[in-house]
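Peer 1: Here's a structure for you.
The values are calculated or read from the model by the stated rules, or taken from the named source; none is laboratory data. Bear in mind the structure is a predicted one, so any value in this text is a computation, not a measurement. Every residue, glycine among them, receives a Cβ derived from its backbone with ideal geometry; neighbour counts consider all protein chains shown.
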Amino acid sequence: MPSILIVDDDEGMTETLADIFAARRYDVATAVNGESAVARVSDDRFDVVLMDVKMPGIDGVDALLAMKRRTPDLKVIMMTAFTQDDRVARALDAKAVAVLPKPLDLECVLRLVGRVTGARA
């Protein structure tokens, strides 16, 4: 069963995505900020991380950089409502798989996560 960590400070978004991926037989974990996401990746192995860019405290890009230092081959997909933000370029420079615009195209997210994990989403 593929594993996914979903990270967003919007708990409604996190819960919705967690429910969708759990229904598709993913092992789902969640985090509501960058700090807890980095800690989760330090403690557990995930096939993919789906993470918001803009969060209070450690933002998604800084969390991505910290995760990549510990696990360079970790697959991270970023999502953001601010597509013109310089953080998008930083995320791509840090080897994010993709930066998806919000509101999310759910079918696109499912296909991309499925492709990254090798699972049918």
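Peer 1: Does Leu100 satisfy the criteria of being in contact (Cβ under 8 Å) with a residue 12 or more places away in the chain and of a type outside the set (S, T, N, Q)?
Peer 2: yes
Peer 1: Take the conditions within 11 Å of the chain's Cα centre (by Cα), of a type in the set (Lys, Arg) and at pLDDT 90 or above and apply them to Lys102. Does it pass?
Peer 2: no
Peer 1: Continuing with the same structure: Could you check region 88-104 and list, in sequence order, the residues that are of a type in the set (D, E, K, R) and surrounded by 19 or more Cβ atoms within 10 Å (Cβ to Cβ)?
Peer 2: Result: Arg90, single match.
Peer 1: Just checking, how many residues over region 50-64 are surrounded by fewer than 22 Cβ atoms within 10 Å (Cβ to Cβ), in contact with a helix residue (DSSP H, G or I) (Cβ under 6 Å, 6 or more places away or on another chain) and within 16 Å of Glu11 (Cβ to Cβ)?
Peer 2: The total comes to 1.
Peer 1: Are any residues in region 67-86 surrounded by fewer than 18 Cβ atoms within 10 Å (Cβ to Cβ) and in contact with a Ser or Thr (Cβ under 9 Å, 6 or more places away or on another chain), and if so, which ones?
Peer 2: Arg70, Thr71, listed by residue number.
Peer 1: What are the residues in region 29-42 that are over 16 Å from Val53 (Cα atoms) and surrounded by fewer than 22 Cβ atoms within 10 Å (Cβ to Cβ), if any? Steps first, please.
Peer 2: Residues of region 29-42 over 16 Å from Val53 (Cα atoms): 29, 39-42.
Passing the criteria: Ala29, Ala39, Arg40, Ser42.
Peer 1: Among Thr30, Thr16, which is the only one that is over 16 Å from Met1 (Cα atoms), of a type in the set (Ser, Thr, Tyr), in contact with a strand residue (DSSP E or B) (Cβ under 6 Å, 6 or more places away or on another chain) and modelled with pLDDT of 95 or more?
Peer 2: Exactly one residue qualifies, and that residue is Thr30.
Peer 1: Another question, then. Given (1) of a type in the set (D, E, K, R); (2) farther than 18 Å from Lys102 by Cβ; (3) exposed (fewer than 15 other Cβ atoms within 10 Å of the Cβ), where does Asp47 come up short, assuming only one miss?
Peer 2: (3)
Peer 1: Among the residues of region 65-99, count how many are under 12 Å from the mean Cα position of the chain (by Cα), modelled with pLDDT under 95 and under 16 Å from Met13 (Cα atoms).
Peer 2: 1
Peer 1: Please find, within region 5-22, the residue that is surrounded by the fewest Cβ atoms within 10 Å (Cβ to Cβ) out of those that are of a type in the set (A, V, I, L, M) and under 16 Å from Arg111 (Cβ atoms).
Peer 2: Ile20
Peer 1: So, one more: Test of understanding: among Lys54, Lys75, Lys68, which residue is in contact (Cβ under 8 Å) with a residue 24 or more places away in the chain and more than 21 Å from Arg115 (Cβ to Cβ)?
Peer 2: Being in contact (Cβ under 8 Å) with a residue 24 or more places away in the chain and more than 21 Å from Arg115 (Cβ to Cβ) holds for just one of Lys54, Lys75, Lys68, which is Lys54.
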